[in-house]
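S.K.: Here it is, the structure in full.
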Amino acid sequence: MLRISVVESPNQRRLVLEGKLIAPWTAELKSVCEAARENLGGRELVVDLKSVTVISQKGENLLAGLLNEGVKFRCCGVFAKHVLRQLARRARAQLDHT
């Protein structure tokens, strides 16, 4: 199960994720992100991973794509920080090969 909450502020639109980022919820997150990008009005889109407990390979691929598209991330746990560091390395490696 994955719960996605949208928190609006003057500077950002934050998607707060809670639970497991696995199929079929990866598709749901992708659709929510696409909708959340509309009408940002200069604000940044932030995905908050602090309450995510599991991230599948599909979830990692989705997060890597979002990272490459300029989406910002927020996390505080060792697990989520580790995953984001790995994704950032993967994104840099892809840029070096282009």
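S.K.: Can you list the trypsin sites (Lys or Arg not before Pro) in segment 1-89 that are in a DSSP coil and have 16 or fewer other beta carbons within 10 angstrom? Don't skip to the end; give the middle numbers.
M.R.: Numbers: sites: Arg3, Arg13, Arg14, Lys20, Lys30, Arg37, Arg43, Lys50, Lys58, Lys72, Arg74, Lys81, Arg85, Arg89; in loops: Arg43.
Filter output for segment 1-89: Arg43.
S.K.: Here's another thing I want to ask about it. Return the single residue from Leu15, Leu84, Leu40 with maximal mean-square fluctuation; model: Gaussian network over the chain, springs between Cα atoms under 10 Å.
M.R.: Evaluated over the chain, the most mobile residue of the options is Leu40.
S.K.: Report Rg(Cα)/(2.2 N^0.38 Å) for the chain, keeping two decimals.
M.R.: Working: Rg = 13.0 Å, N = 98, 2.2 N^0.38 = 12.6 Å.
Working it through for the chain, the quotient is 1.03.
S.K.: May I ask you to give the percent of accessible area on the chain that is carbon plus sulfur, with a probe radius of 1.4 Å? Please report the intermediate quantities before stating the final value.
M.R.: Values: 3100 of 5930 Å².
Solvent-exposed carbon and sulfur of the chain make up 52 percent of the total.
S.K.: Where only protein heavy atoms count, and the probe is 1.4 Å, what is the accessible area per residue for the chain in Å²?
M.R.: With all protein chains present, the chain gives 61 Å² per residue.
S.K.: Calculate, in whole percent, how much of the Cα-Cα pair population of segment 35-81 lies beyond 14 Å.
M.R.: On the way: 607 of 1081 pairs.
Value for segment 35-81: 56 percent of Cα pairs lie more than 14 Å apart.
S.K.: Going by amide H atoms built from the backbone, whose H comes under 5 Å of the H on Cys75, apart from near neighbours?
M.R.: Under 5 Å from the amide H of Cys75: Leu49.
The values are calculated or read from the model by the stated rules, or taken from the named source; none is laboratory data. Remember, it's a predicted structure, so these values are computed and weren't measured experimentally. FYI the Cβ positions are ideal-geometry reconstructions off the backbone, even for glycines, and counts take in every protein chain you see. Ligands, DNA and RNA are excluded from the accessible area calculation, which covers all protein heavy atoms including side chains. Shrake-Rupley method; radii C 1.70, N 1.55, O 1.52, S 1.80 Å.
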